[in-house]
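Below is one structure, written out as structure tokens, with a few remarks after it.
Read-outs throughout are calculated quantities, based only on the coordinates presented, and are distinct from any laboratory measurement. What you see is a predicted model; the values in this text were computed from it and never measured. As a convention, Cβ positions derive from the backbone with ideal geometry for all residues, glycine included, and neighbour counts pool all protein chains shown.
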Amino acid sequence: MLHTAAKHLILCTLSFILVCDALAQDLSAEDEIAARVKNSEDKNFISLSIENDSIGGGTDQFYTSGVRFTWFNVNTPVPPMMDEMADAIPTFGLNDTTSTFFTLGQNIYTPENIRIQGNQDNDRPWAAFLYGSVGLATLENNHIDELELTLGVVGPEALGEQSQKFIHSHITDSPTPRGWQNQLDFEPGIILSGQRRWPRAFSQTIGDFQIHAEPNINVSLGNIYTYAGTGLSFTFGPSQDRFQDTPPRVRPAMPGSGYFETPGSKTGGGWSWLLFASADGRLVGRNIFLDGNTFSDGPSVDKKPLVGDATAGVAFTLGEYRLSYSINARSKEFDGQDDESVFGALTLSTRF
């Protein structure tokens with residue numbers, strides 16, 4: 001069902017982007033948000049995101065775990081390497097709103113049945129990805145451009161077996177995974193990702209509340225992921241706290257920056273909330289976790305070229321902290337996959 005909906009989403013979102021971009025030319029979100037960022041005492045945002053099927057679909061299969069630790073800073077000098085990369089991309093500019101973010105993360109993928117010790121030819125390969133990334137975010141002409149460079153490793157060096165066995169034996173009391181000897185071989189990985197989103201494409205005040213619709217387009221290139229996609233997200237919350245971004249997410253889901261403002265007295269004595277939902281579709285050229293290693297033979301399955309995600313969640317802010325939870329559904333990613341992936345995402349953020 002998500003697979004068919006993703007086709008319509010891509011067409012509808014691209015049309016919506018063209019209309020909203022034309023209508024938004026006279027609005028100056030850049031000046032307003034830049035002023036708020038410069039006047040803010042807190043310019044550091046740290047977020048720990050945990051995605052796991054045990055806190056979503058109650059399963060233990062496919063995309064089973066993702067952890068992402070992100071430091072987002074609105075006043076850090078741009079690293080020289082990223083500065084050169086940004087200069088090489090005609091559509092990416094640097095200005096007073098440019099922020100830098102750094103990330104460490106790990107993803108774990110398993111077949112449907114983790115109790116089977118032998119190789120499962122018709123199911124998803126065992127795999128893990130351990131990575132670090134650095135990225136830039138710039139607000140210009142009513143859109144936000146993001147550029148992220150990710151470097152990491154796939155294979156035993158990604159520590160997927162150790163992580164999953166530790167979690168299963170000490171935290172979740174789940175069955176012992178038995179097939180890690182069949183995981184993908186060692187391979188260094190690189191991903192260059194870019195995204196453009198329009199945070200003010202649609203904004204409507206309803207009493208003391210405000211709703212936003214934000215379309216995006218995105219592309220990732222590399223031996224880990226190669227895909228192009230588009231999506232549409234919605235947020236709803238108190239109008240006094242309208243400068244809130246969605247929580248960071250593990251790629252290939254589109255991550256937010258994690259930026260939020262500390263609520264004032266008008267919103268209830270230092271606490272606030274935000275509802276958010278999104279739908280994304282992407283055309284996948286390469287996914288190493290399905291296609292298998294680039295330079296060696298090994299486990300693989302026939303991937304589906306079109307994948308869709310649907311997300312709904314809520315975030316609560318108290319003082320300098322924000323806690324969010326979302327439920328996420330991902331369409332079938334390979335031929336022979338019996339069920340869609342359903343997983344939860346829990347993110348704790350703080351600002352200082």
Lys/Arg Cβ at +1, Asp/Glu Cβ at -1, dipole of the chain taken about the Cα centre: which of Tyr63, Asn95, Gly194 is farthest positive-ward? Tyr63
Within segment 2-351, how many Lys pairs sit with Cα atoms under 16 Å apart, leaving out pairs fewer than 8 places apart on the same chain? 4
Which ³J(HN,Hα) values in Hz, rounded to whole numbers, follow from the phi angles of segment 337-352 under the Karplus curve 6.51 cos²θ - 1.76 cosθ + 1.60, where θ = phi - 60° and Gly and Pro get x? 5, 6, 10, 6, 8, 10, 8, x, 10, 10, 10, 10, 10, 9, 10, 7
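Is the chain rounded, prolate or oblate when judged by the Cα gyration tensor, a ≥ b ≥ c being the square roots of its eigenvalues, rounded requiring a/c under 1.5 and prolate requiring a/b larger than b/c?
Prolate shape, in that a/c is at least 1.5 and a/b is the bigger ratio.
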If you place +1 on the Cβ of every Lys and Arg and -1 on the Cβ of every Asp and Glu, how big does the dipole about the Cα centre of segment 2-351 come out, in debye to the nearest 20? 460
